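Please read the structure below before turning to the comments.
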Amino acid sequence: MKNIAVFASGNGSNFQAIIDVVASGELDADIRLLVCDQPFAYAVQRAAAARIPSFTFHPKDFPSKEEYEKEILLQLKQSGVEFIVLAGYMRLIGSTLLREYQGRIVNIHPSLLPDFPGKDAIGQALEAKSKWSGVTIHYVDEGMDTGPIIAQERIRLDENETRASLQQKIQTIEHMLYPSVLQMLLTTTRGGATNDEKTSTY
């Protein structure tokens, strides 16, 4: 069983999905810590309800990213964290954490990367009138959603697709795909990205 930390910035729906599969025994992991850069985010309430410790912080309270990541790293080490799971964490991971957890940080993104990286991927897909969107799970590197892809699942957009309807489709896939991929990663030795693309049409 691996000790993991989940990083989130907002509502934490993917965090809750991970909490649920750990509780059910479907994911062989121990969530040791929630890291959140928004102290009043709902994700913090989810952690409290599940009796998971939280480390919250205001980045502006630190002189640099390096300084707040040093504090995060201290919290991770004190909690015995071996693996980091990003679940709606809205900050780029810097060199301080990348050096310590190289190859042990993963992220989930609501698009078929490399399409629509960065913020508001759902809005980007709708604005581009794309026929396809989806979910990507990837290792984290120093770029914005540029790390090696582990798994993807695609969604066909309807002609009358809205932000709300697409978000619902994406979250449905996220809450199933992320736990299953995490189980694979946490119970096998990493040998590089798998590029295990799955296709689903809704």
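The table below lists the values:
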| item | result |
| --- | --- |
| Straight-distance crosslink candidates among lysines, where the alpha carbon sits under 23 Å from K129 and sequence neighbours closer than 8 are dropped | K119, K169, K198 |
| Charge tally in the Cβ shell below 14 Å around E71, where Lys, Arg are +1 and Asp, Glu are -1, E71 excluded | -1 |
| Computed [θ] at 222 nm, deg cm²/dmol, the chain (DSSP H ≥ 4; -39,500 (n - 2.57); rounded to nearest 500) | -11000 deg cm²/dmol |
| Placed amide H near L27: partners under 5 Å, 5+ positions off or other chain | V22 |
| Cα-based equivalent ellipsoid, the range 61-202: semi-axes from gyration tensor eigenvalues, Å | 29, 18, 12 |
| Three semi-axes of the equivalent ellipsoid, the range 1-57, Cα gyration tensor, whole Å, largest first | 19, 11, 9 |
| Sequence-distant residues sharing a close amide H with G134 (under 5 Å, placed H) | S111, L112, I155 |
| GNM result for the chain, Cα springs below 10 Å: residue of P179, P53, P110 fluctuating most strongly | P53 |
| Between the range 37-96 and the range 1-35, the alpha-carbon center distance in angstrom | 13 |
| For the range 54-113: span of alpha carbons on each principal axis (Å, largest first) | 35, 26, 22 |
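Throughout, read-outs are computed from the coordinates displayed, never taken from laboratory work. Since we're looking at a predicted model, the values are computed, not measured. Here the Cβ is made from the backbone with ideal geometry for all residues, glycine too, and neighbour counts use every protein chain on show.
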